[in-house]
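Enquirer: I'd like to ask some things about the structure below.
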Amino acid sequence: MLVIGAAVVAVPLLRAVPTESRIRYGLGPDHADVHDVRLVYALEGDDVQHATFHWPEGAPKTFDHVVSLSRGRYTLRAELRDATGDHAIDRTLELPAEGTVHVDLFDMAYAAVLPSQSRRDGVPHPGEAQP
C-alpha cells in the first residue's frame with residue numbers, strides 16, 4: 001500500500017517538473033521581411049514564459065528556441081512584425097516533446113492583424129505614431 005501511495009503522489013510531482021524542449025520555428029519564404037518575433041507560452045490561460053527575437057536585417061528562415069516548461073498543453077501566441085505591421089498566430093503545443101518540435105509561423109492567411117497599440121514592449125517602432 002505504501003508503494004501505491006508513493007506512486008500516486010509522485011506522478012503529479014513529476015508532471016510539474018520543468019523539462020527542456022527544443023522548438024524550431026519556420027518563418028516561410030518571406031522570412032527576410034520579418035524583423036521581430038515575440039513568443040508567449042500560456043498554460044490554462046496564464047502566460048508562463050515569453051521570449052523576444054529581433055533581426056534588424058531580417059529574420060532567418062528558421063530559428064530555434066529551447067524552453068523549460070512543465071508537462072501540459074500550451075497555447076503559443078507568436079506576434080510577428082514585418083513591413084506591413086504586426087500579425088498574431090496562435091498554435092497549440094503539447095510539451096515536453098521528444099526531439100525537435102517544428103512550428104510554422106508563416107500562414108499569414110490565418111494570422112490576425114494586431115493594432116500597433118497592442119505591442120507589449122511599449123517601444124515605438126518605425127512607422128508607428130510617437131506619443
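The values are calculated or read from the model by the stated rules, or taken from the named source; none is laboratory data. All values derive from a computational prediction rather than experimental measurement. No Cβ is skipped: glycine too gets one built from the backbone with ideal geometry, and neighbour counts run over all protein chains shown. Side chains included, ligands, DNA and RNA excluded: accessible areas come from the protein's heavy atoms. Shrake-Rupley method; radii C 1.70, N 1.55, O 1.52, S 1.80 Å.
Enquirer: How many of the residues making up the range 21-62 are open to solvent by 80 Å² or more (accessible area, probe 1.4 Å), under 12 Å from the mean Cα position of the chain (by Cα) and not charged (D, E, K, R)?
Expert: Selection size over the range 21-62: 2.
Enquirer: Now for a separate question. Those residues that are open to solvent by less than 50 Å² (accessible area, probe 1.4 Å) and more than 15 Å from E20 (Cβ to Cβ), I need them from the range 63-79; list them, please.
Expert: The answer is F63, L76, A78, E79.
Enquirer: So which residues in the range 63-98 are over 16 Å from the mean Cα position of the chain (by Cα) and closer than 24 Å to E44 by Cα, if there are any at all?
Expert: Listed by number, the list holds a single entry, E98.
Enquirer: Turning to a different aspect of this structure: Could you say whether any residue in the range 80-98 is among the small types (G, A, S), at pLDDT 95 or above and assigned to a strand (DSSP E or B)?
Expert: Within the range 80-98, not a single residue is among the small types (G, A, S), at pLDDT 95 or above and assigned to a strand (DSSP E or B).
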